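Asker: Okay, here's the structure, questions in a sec.
The values are calculated or read from the model by the stated rules, or taken from the named source; none is laboratory data. Just so it is clear, the structure is predicted and the values come from calculations on it, not from any experiment. In this analysis, Cβ positions are derived from the backbone assuming ideal geometry, glycine residues included, and neighbour counts consider all displayed protein chains.
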Amino acid sequence: MLDAGPHAERDRMTDQIATLLSEQRRFPPPQAFAAHAIAQPALYEEAARDRLAFWENEARALDWIRPWTTTLEWRLPHAKWFVGGQLNVAANCIDRHLAGPRRNKAAIIWEGEPGDRRVLTYWELAREVGRAANALKRLGVRRGDRVAIYLPMIPEAAIAMLACARIGAVHSVVFGGFSAESLRDRINDAQAVALITADGGYRRGQIVPLKRFADEAIAECPSIRHVMVVQRRPGGAGDESFAEMKEGRDHWWHRLLDPENPHCPAEAMDAEDLLFILYTSGTTGKPKGIVHTTGGYLTQVTSTTRYVFDLRDDDVFWCTADIGWVTGHSYVVYGPLANGATVLMYEGAPDWPERDRFWKLVARWGVTVFYTAPTAIRAFMKWGTDHPARHDLSTLRLLGSVGEPINPEAWIWYRKHIGGGRCPIVDTWWQTETGGIMITPLPGVTVTKPGSATVPFPGIGAELVDTTGKALPKGGGFLTLTEPWPGMLRTIYGDDDRYRETYWSRFPGRYFAGDGAKLDDDGYWWILGRVDDVLNVAGHRIGTMEVESALVDHPAVAEAAVVGKAHELKGQALAAFVTLKEGNAATAELKDDLKEHVAKKIGAIARPDDVLFSADLPKTRSGKIMRRLLKDIAEGRALGDTTTLADPNVVARLKEQYEGQES
């Protein structure tokens with residue numbers, strides 16, 4: 001058991017979860033795969049012998065304008081990597097591939113949900129990025145300026161990111177499923193001077209009116225001077241009626257780019273210059289602007305892409321993540337393109353118009369490496385084996401999992417029905433904050449266990465600790481990182497105190513990842529999920545405080561508490577317990593209205609699955625809401641200790657109500 005301490009209650013829960021995990025199945029790498037794998041066992045030996053020399057060697061795989069003078073400056077909690085070095089991310093992702101045979105190789109293969117398709121070679125991508133970069137400069141965007149990107153999964157999303165990187169502007173991508181209010185808050189926090197959006201995007205046959213949401217957002221964003229709008233709605237070229245355009249502020253993307261020179265010089269960026277800000281949920285209502293810089297980040301994502309996915313020049317690499325999440329940044333755009341890969345991008349949902357859409361794409365484009373989330377895998381399982389069985393998936397040679405822990409049975413199903421029993425699976429653990437993969441198998445080296453992320457990537461230091469910060473050789477505890485790594489976040493934008501408090505205060509001298517974990521007898525990591533109040537819903541991190549704030553924003557709501565409950569497909573779903581203001585009736589219509597209100601305030605991914613009205617919420621005598629008990633209720637478990645409650649009867653009434661609602 002974990003040592004007792006101020007967090008003992010939470011820690012006991014973590015330990016109890018850890019003891020439930022027992023997996024005896026083992027899958028060694030296929031012999032033929034292992035014999036020719038890019039990553040060999042010596043990679044671990046090299047990193048263990050000299051960690052900094054290992055990362056230096058990985059950095060040398062990039063093109064540097066000026067070499068670095070110091071590999072690492074570490075003044076806890078701030079790291080600087082490859083100090084004095086200069087490079088450009090866009091040049092590393094595009095320019096260095098143009099002199100050889102990759103010039104006419106497909107860089108991006110794209111398919112839209114309606115079935116429209118585009119292929120951009122590295123040469124064509126270079127010209128599009130050059131035009132976009134020059135257009136941004138003509139609008140007055142300069143080095144260090146922040147540019148918000150609010151786009152569907154279309155090639156212009158990658159082009160916009162690379163164009164910003166080319167001129168030294170800092171991009172802040174906002175997921176296209178977020179609401180106008182979420183977009184507004186992120187723009188204002190970053191003080192973005194320009195926004196790149198689209199008139200719309202497709203999702204399950206419907207058009208998401210992104211420009212309309214953008215207009216609503218930037219009505220309260222005084223820093224925005226220009227809006228670039230990509231045409232993505234039906235009607236064909238020339239039909240510009242779908243989006244309202246404000247003269248002088250709004251510009252059609254194609255009209256801006258057409259006259260521009262396709263050649264734009266790449267800015268020489270310092271290794272520690274900002275590359276992007278990406279907002280992620282926190283335990284308070286305000287999202288955290290995670291800051292990633294240039295040289296270290298690109299080194300780590302380039303290295304992990306090559307070794308973890310055994311990336312070959314003839315691979316077709318498909319990471320199904322949206323560009324709005326860090327997985328889309330690192331393993332749709334920067335990591336694969338820096339390696340000269342062919343990347344597949346798909347705009348829509350996996351079940352539109354049929355539940356075999358993903359497998360049609362794999363067969364049509366000959367996908368060889370497939371990287372998706374356990375949420376999707378569980379959905380595929382629920383839909384049955386007939387859908388993948390109808391398609392030729394024989395081109396697949398490697399499968400990956402990302403976003404949350406994968407349960408062993410989903411892992412086995414994935415291996416059997418998608419990988420045909422022949423494909424290694426790389427189950428990866430990492431975060432927005434880490435920038436790149438941290439714990440993972442190497443597919444030609446590591447014996448895998450279903451449900452385990454296995455061992456740290458070479459050059460990464462991870463350690464399990466108890467509540468006091470004491471290292472544990474095995475058992476349940478907290479996952480911490482013990483050494484600075486190249487792709488680590490540098491701070492929270494505009495709030496370094498919050499950076500220190502959030503990541504470095506719980507265990508002094510260590511980065512606390514926020515996850516509980518188990519180490520087994522073989523030294524394999526089993527990730528147990530978040531131990532704070534950030535929930536992982538279908539691979540998306542959602543702060544309970546954000547959802548509670550959105551609910552209380554509704555005029556009928558006096559108080560709200562949100563917890564996560566286990567969900568077969570999403571991993572976790574949101575359950576909201578709501579107390580209404582006097583004079584408001586608890587109706588089914590109000591319940592639906594509250595769900596929609598949360599979706600409007602935050603985005604559809606934060607819509608609660610359950611809303612339960614209650615006259616009171618369970619609170620301690622000091623007034624703290626006992627969310628642990630609410631979670632017990634939502635998941636149908638026996639109630640825990642209620643002795644500290646001001647009114648224990650509240651819990652019994654809530655349990656009775658909730659069970660009545662479920663029946």
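Asker: Here are some conditions: (1) surrounded by fewer than 22 Cβ atoms within 10 Å (Cβ to Cβ); (2) more than 19 Å from the chain's Cα centre (by Cα); (3) not polar (S, T, N, Q). Residue 177 meets all but one. Which one does it not meet?
Answerer: (2)
Asker: Scan the stretch 199-208 for residues that are in contact (Cβ under 8 Å) with a residue 24 or more places away in the chain and either surrounded by fewer than 21 Cβ atoms within 10 Å (Cβ to Cβ) or touching a strand residue (DSSP E or B) at 6+ places or on another chain (Cβ under 7 Å) (or both) and jot them down.
Answerer: As a first pass, look at the stretch 199-208 and keep what is in contact (Cβ under 8 Å) with a residue 24 or more places away in the chain: 199-205, 207-208.
Scanning the stretch 199-208 gives 199, 200, 201, 203, 204, 205, 207, 208.
Asker: Assigned to a loop (DSSP other than H, G, I, E, B) and either without any contact (Cβ under 8 Å) to a residue 60 or more places away in the chain or in the same structural domain as residue 325 (by TED's automatic domain parsing) (or both), is that true of residue 196? Give the derivation first.
Answerer: Details: assigned to a loop (DSSP other than H, G, I, E, B): no; either without any contact (Cβ under 8 Å) to a residue 60 or more places away in the chain or in the same structural domain as residue 325 (by TED's automatic domain parsing) (or both): yes.
No; evaluated as a whole, the condition is false for this residue.
Asker: Name, by its number, the condition in (1) among the charged types (D, E, K, R); (2) outside any loop (DSSP other than H, G, I, E, B); (3) closer than 30 Å to residue 138 by Cα that does not hold for residue 306.
Answerer: Looking at each condition in turn, residue 306 falls short on (3).
Asker: Could you tell me which numbered condition residue 596 fails, if it satisfies all but one of (1) touching a helix residue (DSSP H, G or I) at 6+ places or on another chain (Cβ under 8 Å); (2) modelled with pLDDT of 85 or more?
Answerer: Going through the list (1) touching a helix residue (DSSP H, G or I) at 6+ places or on another chain (Cβ under 8 Å); (2) modelled with pLDDT of 85 or more, residue 596 breaks only (1).
Asker: Let me ask something additional. Which is aliphatic (A, V, I, L, M), touching a residue at least 24 places away in the same chain (Cβ under 8 Å) and not in a loop (DSSP other than H, G, I, E, B), of 290, 323? Please lay out each step first, then the result.
Answerer: Working: 323 fails: not in a loop (DSSP other than H, G, I, E, B).
When all the criteria are applied, what remains is 290.
Asker: So residue 217 ticks every box in (1) in contact with a Leu (Cβ under 6 Å, 6 or more places away or on another chain); (2) part of a strand (DSSP E or B) but one. Which box is left unticked?
Answerer: (2)
Asker: Examine the stretch 370-391 for a residue that is under 22 Å from the mean Cα position of the chain (by Cα), in the same structural domain as residue 277 (by TED's automatic domain parsing), surrounded by 19 or more Cβ atoms within 10 Å (Cβ to Cβ) and aliphatic (A, V, I, L, M), and state whether such a residue exists.
Answerer: Taking the stretch 370-391 and keeping what is under 22 Å from the mean Cα position of the chain (by Cα), we get 370-380.
Filter again for in the same structural domain as residue 277 (by TED's automatic domain parsing), leaving none.
Checking the stretch 370-391: not a single residue is under 22 Å from the mean Cα position of the chain (by Cα), in the same structural domain as residue 277 (by TED's automatic domain parsing), surrounded by 19 or more Cβ atoms within 10 Å (Cβ to Cβ) and aliphatic (A, V, I, L, M).
Asker: Looking at (1) out of contact with any helix residue (DSSP H, G or I) (no Cβ under 7 Å at 6 or more places or on another chain); (2) in contact (Cβ under 8 Å) with a residue 60 or more places away in the chain, find the lone condition where residue 580 falls short.
Answerer: The failed condition is (2).
Asker: So if I check each of 575, 558, which one is of a type outside the set (Ser, Thr, Tyr) and either in contact with a helix residue (DSSP H, G or I) (Cβ under 6 Å, 6 or more places away or on another chain) or in the same structural domain as residue 188 (by TED's automatic domain parsing) (or both)?
Answerer: Numbers: 558 fails: either in contact with a helix residue (DSSP H, G or I) (Cβ under 6 Å, 6 or more places away or on another chain) or in the same structural domain as residue 188 (by TED's automatic domain parsing) (or both).
The match here is 575.
Asker: Answer yes or no: is there a residue in the stretch 618-641 that is crowded, with 19+ Cβ neighbours inside 10 Å, more than 31 Å from the chain's Cα centre (by Cα) and modelled with pLDDT of 90 or more.
Answerer: There is no residue in the stretch 618-641 that is crowded, with 19+ Cβ neighbours inside 10 Å, more than 31 Å from the chain's Cα centre (by Cα) and modelled with pLDDT of 90 or more.
Asker: Looking at 486, 473, 443, 458 in this structure, which one is at pLDDT 95 or above, part of a loop (DSSP other than H, G, I, E, B) and touching a Gly at 6+ places or on another chain (Cβ under 6 Å)?
Answerer: Details: 473 fails: touching a Gly at 6+ places or on another chain (Cβ under 6 Å); 443 fails: touching a Gly at 6+ places or on another chain (Cβ under 6 Å); 458 fails: touching a Gly at 6+ places or on another chain (Cβ under 6 Å).
Matching residue, one of 486, 473, 443, 458: 486.
Asker: Just give me the residues in the stretch 353-373 being in contact with a helix residue (DSSP H, G or I) (Cβ under 7 Å, 6 or more places away or on another chain) and not hydrophobic (A, V, I, L, M, F, W, C), in sequence order.
Answerer: 355, 356, 371
Asker: Quick one: would you say residue 141 is closer than 16 Å to residue 332 by Cα, of a type in the set (Val, Ile, Thr), at pLDDT 95 or above and in contact with a strand residue (DSSP E or B) (Cβ under 6 Å, 6 or more places away or on another chain)?
Answerer: no
Asker: Scan 130, 84, 112 and give me the residue that is closer than 16 Å to residue 269 by Cβ and among the small types (Gly, Ala, Ser).
Answerer: Values: 130 fails: closer than 16 Å to residue 269 by Cβ; 112 fails: closer than 16 Å to residue 269 by Cβ.
The unique qualifying residue is 84.
Asker: Among what's in the stretch 489-509 and is touching a residue at least 60 places away in the same chain (Cβ under 8 Å) and under 25 Å from residue 473 (Cβ atoms), pick the residue that is surrounded by the fewest Cβ atoms within 10 Å (Cβ to Cβ).
Answerer: So, considering only residues that are touching a residue at least 60 places away in the same chain (Cβ under 8 Å) and under 25 Å from residue 473 (Cβ atoms), the one surrounded by the fewest Cβ atoms within 10 Å (Cβ to Cβ) is 509.
Asker: Return the only residue of 349, 376 being of a type outside the set (Asp, Glu) and either in contact with a helix residue (DSSP H, G or I) (Cβ under 6 Å, 6 or more places away or on another chain) or in a helix (DSSP H, G or I) (or both).
Answerer: Only one candidate qualifies: 376.
Asker: Another question, then. Which residues, counting only those in the stretch 489-509, are closer than 23 Å to residue 172 by Cβ and assigned to a helix (DSSP H, G or I)? Walk me through it before giving the result.
Answerer: Applying the first criterion (closer than 23 Å to residue 172 by Cβ) to the stretch 489-509 yields 489-503.
Hits for the stretch 489-509 are 496, 497, 498, 499, 500, 501, 502, 503.
Asker: Test residue 167 against the stated conditions and say whether it is among the aliphatic types (A, V, I, L, M), touching a helix residue (DSSP H, G or I) at 6+ places or on another chain (Cβ under 7 Å) and at pLDDT 90 or above. Talk me through it step by step, then tell me what you get.
Answerer: Numbers: among the aliphatic types (A, V, I, L, M): yes; touching a helix residue (DSSP H, G or I) at 6+ places or on another chain (Cβ under 7 Å): yes; at pLDDT 90 or above: yes.
For residue 167, the condition - among the aliphatic types (A, V, I, L, M), touching a helix residue (DSSP H, G or I) at 6+ places or on another chain (Cβ under 7 Å) and at pLDDT 90 or above - is met.
Asker: Let me ask another. Tell me, which strands (runs of 3 or more DSSP E) wholly within the stretch 510-582 include 1 or more residues that are among the polar types (S, T, N, Q) and surrounded by fewer than 23 Cβ atoms within 10 Å (Cβ to Cβ)?
Answerer: On the way: elements: 511-519, 525-530, 534-537, 540-543, 557-567, 571-580.
Because the criterion is at least 1 residues that are among the polar types (S, T, N, Q) and surrounded by fewer than 23 Cβ atoms within 10 Å (Cβ to Cβ), the strands (runs of 3 or more DSSP E) in the stretch 510-582 that meet it are 534-537, 571-580.
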